[in-house]
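Undergrad: Here you go, one structure.
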């Protein structure tokens, strides 16, 4: 069961959703683990997706959150506040990721090295 | 919703450990104000198992997880969600005493010392859910 945060645009009378799913899979990016008998190839993580696109029509990338230190801006910084501290709990992680989808962010925001991401398109 | 299936050789049963994300109002538990500006909606995970204690067949507890310090009793803070889930699987297997044979003869064999195996993992599909449900109901009967 995933949870979906619904965002309603009063100006456009439309809704979008940001979905957080907790999954367990073998990640292709973990291929080095296959040669390491002491490591588990299975990973458990949050998979974050958004309905709709960025305001420039570009689809949002799927985001993986494997730890509370996987911050939304290039894994380096939180979005709502300029800090590199890990999220204090799952609730604050969900809120910060949702905020970032709604508002987008400039390239290298807060010195995170992130690339530009447009805000959620409602119209 | 990931499920880890734990196969126990001793009783030839498959048990599951499930961890999933939920959202609800938990202000009385979490200490949030029900009418505060930040709202009282919480996002958290719940982990549970179909395993039962071998000593008295009682159910093992369900845990609420809000951060990586919400680990099983006696465990250190997890580095990530994979480690956290692995810790809970280990905790449940230990509490259920899976793989611990009462037979002295089997206890000396190499296979009985590792009498359980985490056999597979599945997520989401209704097909796997239904099969897990059936396995859990059979295991609890």
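Undergrad: For the range A:57-75, which residues satisfy the criterion of being in a loop (DSSP other than H, G, I, E, B), over 15 Å from residue A:99 (Cα atoms) and under 8 Å from the mean Cα position of the chain (by Cα)?
TA: A:62, the sole residue that qualifies.
Undergrad: Quick check on the range A:1-30: of everything there that is within 14 Å of another protein chain (Cβ to nearest Cβ) and in a loop (DSSP other than H, G, I, E, B), which residue is surrounded by the fewest Cβ atoms within 10 Å (Cβ to Cβ)?
TA: Checked the range A:1-30; the qualifying residue surrounded by the fewest Cβ atoms within 10 Å (Cβ to Cβ) is A:1.
Undergrad: Can you tell me which residue among A:86, A:107 is within 14 Å of another protein chain (Cβ to nearest Cβ), at pLDDT 95 or above and surrounded by fewer than 21 Cβ atoms within 10 Å (Cβ to Cβ)?
TA: After ruling out the rest, the residue left standing is A:86.
Undergrad: Which helices (runs of 4 or more DSSP H) does the range B:1-118 wholly contain that include 3 or more residues that are at pLDDT below 90 and more than 14 Å from chain A (Cβ to nearest Cβ)?
TA: By residue number, B:104-107.
The values are calculated or read from the model by the stated rules, or taken from the named source; none is laboratory data. Since this is a predicted model, take the numbers as computed values, not measurements. With ideal geometry, Cβ positions are generated from the backbone for all residues, glycine too; neighbour counts draw on all protein chains shown.
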